[in-house]
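Asker: Pasting a structure here, questions to come.
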Amino acid sequence: MEDDAQAFIENLEKRHEAPITWRTYATWYGNNKEIMREFGVFLYRVRNTLYFEDFERTPSMFGISLKPKKKKEPFSKYEGSFAVDEVATTRPIPKAIAYKVSQGTVSVDRVRQATSLDRLFRQMVEMVVLKNGTVHFFELMDRKQFIKELEAISKED
């Protein structure tokens, strides 16, 4: 498994013609274009750009593949990227609100600031708003590290 991961990273670096300098996994992803990935995306940095992509996931338990009860939709890979200088704002919001925006039932301009109670009792995701109006939601394992990475990239420019 480790060899597969290393080969994957090397392939990405070859594709982007530069090393990956930071990477993490977002356990949930959504955007304001009605795209959601329940099992997350791989998020990584090459130069001053953040890239993300999802993977086909086969349900398993203890390494044994499970047969889905329902007929499964065919997998459709989703990839995206944005340069850090395209970021207008970023802030934490409740995942439930991000889910509604991703479904198209709530508009981005109606997303309120997260309260202290939200941060204590609700799952939070990072809302990244780009200057062109695109919004990405990442459920990050380490929000502080993500913010540090954005700041570091901004200082390099």
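Asker: Could you calculate the FRET efficiency of residue 77 with residue 107 from 1/(1 + (r/R0)^6), where r is the beta carbon distance between them and R0 is 35 Å, rounded to 0.05? Don't skip to the end; give the middle numbers.
Answerer: Working: r = 27 Å, r/R0 = 0.78.
The computed FRET efficiency comes out at 0.80.
Asker: Answer with one residue from 121, 46, 83: the one whose Cα lies farthest towards the positive end of the charge dipole of the chain, charges on Cβ with Lys, Arg +1 and Asp, Glu -1.
Answerer: Farthest towards the positive end: 121.
Asker: Quick check for the chain: number of Lys pairs with alpha-carbon distance under 19 Å, counting only pairs 8 or more apart or on different chains?
Answerer: On the way: 33/77; 33/95; 33/100; 33/131; 95/144; 131/155; 144/155.
Here the count comes out as 7.
Asker: Using 7 Å Cα-to-Cβ label points, what is the residue 131/residue 88 separation (nm, one decimal)?
Answerer: Distance between label points: 1.1 nm.
Asker: Further question on the same structure: Can you give me the distance in nm between label points at residue 145 and residue 9, each placed 7 Å from the Cα along the Cα-to-Cβ direction?
Answerer: Label at residue 145, label at residue 9, 1.2 nm between them.
Asker: State the three equivalent ellipsoid semi-axes of the chain, derived from the C-alpha gyration tensor as the square roots of 5 times its eigenvalues, in descending order and whole Å. Display every interim value, and only then the final one.
Answerer: Values: eigenvalues 127, 108, 43 Å².
With the √(5λ) rule applied to the chain, the semi-axes are 25, 23, 15 Å.
Asker: Same structure, new question: Give the long-range amide H neighbours of residue 22: residues separated by 5 or more places, or on another chain, with amide H under 5 Å away, using H modelled in the peptide plane at 1.01 Å from N.
Answerer: 45
Asker: Related question: Could you work out the per residue convex hull volume over the alpha carbons of segment 100-157, in cubic angstrom? Walk me through the intermediate numbers first.
Answerer: Details: hull volume 6.3 nm³, N = 58.
Per residue, the Cα convex hull of segment 100-157 comes to 109 Å³.
Asker: Where does the chain land at 222 nm, in deg cm²/dmol rounded to the nearest 500, when only DSSP H runs of n ≥ 4 count, each adding -39500 (n - 2.57), divided by all residues? Could the numbers behind the result be given before it?
Answerer: Details: 4 runs with 44 residues, N = 157.
Here the helix-only value at 222 nm equals -8500 deg cm²/dmol.
Read-outs: derived from the displayed coordinates by stated rules, not from any lab. If you're wondering where the values come from, they're calculated on a predicted model, not measured in any experiment. FYI the Cβ positions are ideal-geometry reconstructions off the backbone, even for glycines, and counts take in every protein chain you see.
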